[in-house]
């Protein structure tokens with residue numbers, strides 16, 4: 001998914017650059033990064049709204065799994081109140097929101113560590 005976001009961001013940056021470079025566009029070249037940065041949340045929303053994300057990051061899949069589990073448990077006589085079902089779903093969705101953030105933090109830390117190793121390696 002990160003690769004898709006990067007590719008789309010590159011395409012948007014190219015399009016913005018081409019548009020700003022036109023003499024009829026009332027924007028400065030220096031505003032290109034500002035425009036692209038403003039579009040990054042939109043790009044993320046587009047990428048995350050497609051089927052490019054793994055199944056385990058889909059809220060729809062988890063809601064369906066929880067509904068199926070509740071239905072199967074009801075078959076054996078275990079029932080949950082709607083309030084409890086909502087609480088469980090909210091908890092699962094909260095964890096799902098935290099997992100990508102934790103992964104992003106880890107990826108950033110790992111990348112920074114690799115970059116530091118490259119920078120601190122003396123030239124041969």
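Things worth noting here:
- Among (i) 66; (ii) 44; (iii) 56, the entry derived from the coordinates for percent of Cα pairs over 20 Å apart: (i)
- Estimated from helices alone, the mean residue ellipticity of the chain at 222 nm is -26500 deg cm²/dmol (sum of -39500 (n - 2.57) over DSSP H runs with n ≥ 4, per residue).
- Degrees, to the nearest 10: 59-75 long Cα axis against longest axis of the chain: 10 degrees
- Degrees between helix 32-48 axis and first principal axis of the chain (Cα, 0 to 90, nearest 10): 30 degrees
- Gaussian network model of the chain, springs between alpha carbon atoms under 10 Å - residue of 36, 78, 47 with greatest fluctuation: 78
- Relative to the dominant Cα principal axis of the chain, helix 2-21 is inclined by about 40°.
Only the coordinates and a few stated rules stand behind these numbers; no lab work does. These numbers come from a predicted model, not from an experiment.
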